[in-house]
Amino acid sequence: MLEKINSPEDLKKLNIEEKNKLAQEIREYVLQVVSENGGHLASNLGVVELTLALHSVFNMPKDKIIWDVGHQSYVHKIITGRREEFKTIRKLDGLSGFPKINESEYDDFDTGHSSTSISAALGMARARDLKGDNNQVIAIIGDGALTGGMALEALNDAGYSQTKMMVILNDNEMSISKNVGGLNLFLSKLRTKKLYKKSNISAKKVLNNVPAIGKPIVKVVQRIKRSIKQLVIPKMFFEDIGFTYLGPVDGHNIEQLENILKLSKQVERPVLIHVLTKKGKGYKIAEENPDRFHATSPFDIETGKTKKEKKSDYSKVFGEKLVNLAKNNEKIVAITASMKDGTGLTKFAKEFPERFFDIGIAEQHAVTMAAGMAKEGMIPFVPIYSSFYQRAYDQVIHDVAIQNLPVIMCIDRAGLVGQDGETHQGLLDMAFFRLVPNLTIMAPKDFKELEEMMEFAITLKRPVVIRYPRGGEDTSIKFENQEKIELGKAQILKEGKDVSIIAIGNKVAKAMKMAKHYEIEGLDAEVINARFLKPLDVETIKKSIEKTKKVITIEDGTKINGLGTAIKELIIDENLKDVEIQELSLPDEFIRHGTVEELEGIYVPLGTFLSGTFCPIGDTSCKSK
């Protein structure tokens with residue numbers, strides 16, 4: 001059946017029985033490809049029927065679909081002419097794991113972060129009205145994404161505006177980790193609505209059969225029911241802000257979904273359709289472990305076990321160290337924005353449940369709440385992925401830095417993260433945090449230094465940023481000289497006289513490798529572990545540059561306002577003359593998806609330094625292999 005589907009028009013020709021068969025084939029296809037490529041599995045298995053119903057009822061690409069976050073768009077891609085290309089998903093030069101407007105006319109908006117779809121959909125709907133068009137605009141948002149403040153802002157505006165649009169609430173009781181908070185409780189009540197309706201109908205039948213007084217009693221009960229309806233069925237929240245609420249509906253029943261979608265098209269105001277789905281639907285192992293199969297590396301379908309042995313990584317080391325620190329310091333608390341597992345806080349949550357706070361997908365709230373706790377004497381650690389910390393930039397400035405509060409902001413997934421592409425690469429955090437006064441910015445070269453920086457951050461009693469990459473340390477380089485961390489003090493790992501190689505974070509290992517290759521070329525390189533981007537160790541770095549007059553900087557962030565920029569500023573500020581400098585950083589552009597190794601080979605040509613002949617800096621006549 002799947003081989004016959006080359007566009008949504010082919011889907012419209014099928015009957016319900018054929019669509020159910022197609023749904024099963026799609027599940028098997030998604031499972032097969034993701035088991036080989038890795039990717040987001042559970043969320044995509046959960047929206048198969050919903051996606052088929054959407055493309056059966058609506059007319060894409062005239063009608064517009066915006067997938068919130070977008071990691072659940074695999075089925076959408078398969079049935080919109082990308083069936084064969086789907087085998088390349090998340091691979092270099094293959095399909096993106098998220099909607100991309102430059103990939104297909106069926107992808108209406110680039111997404112990758114949570115809680116943006118309703119705002120984008122409302123914008124498109126308003127633009128449609130201004131242009132006099134009559135197409136449908138649909139936002140699909142998960143119950144986890146609904147905890148993001150931006151989604152609530154958009155709901156408020158859309159309801160008040162009475163603009164014709166549709167919001168589909170894909171309610172699977174999960175985001176990345178299990179959903180938490182008041183909105184989750186609210187949706188739990190909504191899920192019980194069917195039971196209320198059934199009992200209400202039964203009561204009516206009984207009362208109507210009572211002689212003489214039956215019908216008057218029914219009318220009294222109905223009046224009472226209307227007055228307390230808001231307490232019994234919380235759907236009134238959506239209706240009170242201006243939406244027509246439809247549902248809940250079984251998200252795995254294509255016929256029911258198509259019927260309710262057709263009904264929604266007739267409503268000339270904002271509509272919210274509440275769809276109940278199951279993450280991992282159809283693959284028992286994912287159904288039982290939806291958090292583990294939210295995003296997965298390649299795995300064995302029979303067992304669900306990953307094909308690569310999982311090694312220790314920075315997130316796990318961070319989590320273990322935080323538990324040890326918390327045992328000896330009752331003021332330490334941990335805050336996560338629905339990323340307990342991804343940021344290494346699972347063990348902390350079990351050992352210190354009263355000091356662990358999962359606040360949902362709400363990074364802004366996370367940072368300001370941490371500021372409030374710090375103001376009252378607590379020591380909050382706030383690990384959030386680099387690309388998601390962007391969402392809380394104003395809170396870092398206004399609520400943490402201006403007040404100089406001791407919040408320890410741990411930037412996980414810093415640098416290139418690989419196959420999730422532009423929206424998830426952690427390239428900008430050094431640049432935008434470096435602009436903020438009062439921040440101390442550090443990056444460890446290995447696991448041990450991460451642990452030491454966490455200890456050091458507690459003693460500073462001021463805002464601290466610690467950034468570290470996805471994955472593990474470079475075990476091919478062993479750092480034996482572990483000097484005690486001092487504020488703003490770099491570490492000379494190798495002394496030399498010909499060139500100064502200054503690196504930060506996990507790129508320090510690359511610097512050491514480069515120095516070894518320089519030795520083959522007869523050059524004596526000095527290697528400096530900057531440790532701090534801010535404050536920079538001006539004295540140590542200045543002395544080295546004055547000695548060598550040649551500098552290479554290495555970092556895993558954008559070339560603008562990172563380590564390279566800081567060293568250039570130092571050269572100018574200190575009036576250092578006749579200095580040659582070469583920056584190894586990522587370009588001023590958004591980096592596509594692919595493995596980290598592939599992307600570094602394209603965007604940061606470290607390979608020219610680490611293999612073959614390396615040309616001395618400034619020798620334009622020489623060409624490296």
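The values are calculated or read from the model by the stated rules, or taken from the named source; none is laboratory data. Keep in mind it's a predicted model, so treat the numbers as computed, not measured. In this analysis, Cβ positions are derived from the backbone assuming ideal geometry, glycine residues included, and neighbour counts consider all displayed protein chains. In case anyone asks, the SASA skips ligands and DNA or RNA and just uses the protein heavy atoms, side chains included. Shrake-Rupley method; radii C 1.70, N 1.55, O 1.52, S 1.80 Å.
Here is the link list: LYS307/LYS331; LYS100/LYS131; LYS21/LYS308. Which ones come out longer than 29 Å on Cα distance?
LYS307/LYS331; LYS21/LYS308
Summing +1 for each Lys or Arg and -1 for each Asp or Glu, what net charge is found among the other residues whose Cβ lies under 9 Å from the Cβ of GLU49?
+1
Hey, what's region 67-179 come to in accessible area per residue, 1.4 Å probe, Å²?
Value for region 67-179: 34 Å² per residue.
Sorted by mean Cβ packing within 10 Å, highest first, what order do the peptides 403-412, 432-441 take?
403-412, 432-441
How much FRET efficiency would the formula 1/(1 + (r/R0)^6) give for GLU519 and GLU85, where r is the Cβ-Cβ distance and R0 is 41 Å, rounded to 0.05?
0.30
Any chance you could run the full-extension gain for LEU576 through GLN24? It's 0.36 nm times the residue separation minus the Cα-Cα distance, nm to one decimal.
192.0 nm
To the nearest Å, what is the center-to-center distance of region 419-470 and region 542-584, using C-alpha atoms only?
A separation of 20 Å, based on Cα centres.
Let's test the formula: R0 of 25 Å, r as the Cβ-Cβ distance of GLN482 and GLU330. What FRET efficiency results, to the nearest 0.05?
Working: r = 28 Å, r/R0 = 1.13.
So, using R0 = 25 Å, E works out to roughly 0.30.
List the residues, sorted by chain then number, that are 5 or more residues from VAL551 or on another chain and whose placed amide H is less than 5 Å from its amide H.
Hits under the 5 Å cutoff: SER500, GLU580, ILE581, GLN582.
Where both partners of a DSSP beta bridge lie in the chain, what percent of those bridges are antiparallel, to the nearest 5?
Within the chain, antiparallel bridges account for around 15 percent of the total.
Order 367-376, 296-305 from most to least packed using the mean count of other Cβ atoms within 10 Å.
367-376, 296-305
Would you mind getting me the FRET efficiency between LEU2 and SER297? Use the beta-carbon distance for r and R0 = 35 Å, nearest 0.05.
That pair, LEU2 with SER297, gives E of 0.90.
Please work out which option in (i) 18, 45, 28, 7, 1, 0; (ii) 17, 48, 22, 7, 5, 1; (iii) 15, 34, 24, 16, 9, 2, 0 gives P(r) over Cα pairs in 20 Å bins from 0, in percent calculated from these coordinates, and answer with its label.
It is the value labelled (i).
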